[in-house]
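Working notes, beginning with the structure itself.
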Amino acid sequence: MKLAIGNDHTAVDLKNTIVEHLTQRGIEVINVGTDTTDSFDYPLSGLRVGRLVASGEADGGVLICGTGVGISLAANKVSGIRACVCSEPYSAAMSKRHNNANIIAFGARVVGDEMAKLIVDSWLDAEYEGGRHQRRVDLITEIEQTGAIEGA
Ligand code: RB5
């Protein structure tokens, strides 16, 4: 498995911790985030990771900024991306099981190292359930592609 990871200046240390954690799990990591604490605009990392995931060059992505909010907003502008901000493992697992999240995001100013690892593991280890959830994920895709869905 290959994951893309991106971050801004608030999340360099946590990004490195997560890269090490993923590597220990045998996952190949493409790091497209900043490696310095100089001010860095998070949309760049969100777009880079979003593109790698949407193109299939990466099987999924991890995004970290101060809150996880801005960087996931940016990634979600890429067609086909479902980036979910999660601050605890339950939502992280459900984001895969029900929403088929292809990017997990969280905040370096919100969660600590160990919680971040749990969030990543919960998302990675969960499986998308399909079924009735596929219809809803398809509706989200329809909004993305057409700006509308029937009945709304
Ligand atoms: C940077 O100060 C901060 O705005 C950024 O890391 C992120 O939290 C934005 O959503």
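What to note about this one:
- Listed here are the helices (runs of 4 or more DSSP H) enclosed by the range 80-152 that have at least 2 residues being surrounded by fewer than 13 Cβ atoms within 10 Å (Cβ to Cβ): 113-125, 132-146.
- Output for the range 79-107, where each listed residue is within 16 Å of the ligand (Cβ to nearest atom), more than 16 Å from Leu3 (Cβ to Cβ) and free of Cβ contacts under 8 Å to residues at least 40 places away in the same chain: Val85, Ser87
- Residue identified as touching a Phe, Trp or Tyr at 6+ places or on another chain (Cβ under 6 Å) and either hydrophobic (A, V, I, L, M, F, W, C) or on the phi > 0 side of the Ramachandran plot (or both) among Ile81, Ile71: Ile71
- Complete set of residues in the range 1-39 that are out of contact with any strand residue (DSSP E or B) (no Cβ under 8 Å at 6 or more places or on another chain) and of a type outside the set (Asp, Glu): His9, Val12, Asn16, Thr17, His21, Gln24, Arg25, Gly26, Thr36, Thr37, Ser39
- Residue match in the range 34-44 (condition: closer than 20 Å to Trp123 by Cα, at pLDDT 95 or above and not hydrophobic (A, V, I, L, M, F, W, C)): no
- Residue ID - nearest to Pro43 (Cα to Cα), chosen from residues in the range 63-78 that are of a type outside the set (Gly, Ala, Ser) and either more than 7 Å from the ligand (Cβ to nearest atom) or outside any helix (DSSP H, G or I) (or both): Leu73
- Across the range 96-110, the qualifying residues are those that are touching a helix residue (DSSP H, G or I) at 6+ places or on another chain (Cβ under 7 Å) and hydrophobic (A, V, I, L, M, F, W, C), and the one among them that is farthest from Tyr42 (Cα to Cα) is Ala101.
- Qualifying residue in the range 32-49 (condition: in a helix (DSSP H, G or I), touching a residue at least 40 places away in the same chain (Cβ under 8 Å) and out of contact with any helix residue (DSSP H, G or I) (no Cβ under 7 Å at 6 or more places or on another chain)): yes
- Residue match in the range 17-37 (condition: over 16 Å from Ser72 (Cβ atoms), buried (at least 19 other Cβ atoms within 10 Å of the Cβ), β-branched (Val, Ile, Thr) and within 15 Å of the ligand (Cβ to nearest atom)): yes
- Flag if Ala74 is of a type outside the set (D, E, K, R), crowded, with 17+ Cβ neighbours inside 10 Å and touching a strand residue (DSSP E or B) at 6+ places or on another chain (Cβ under 8 Å): no
The values are calculated or read from the model by the stated rules, or taken from the named source; none is laboratory data. These numbers come from a predicted model, not from an experiment. Cβ atoms come from the backbone with ideal geometry, glycine included; neighbour counts cover every protein chain shown.
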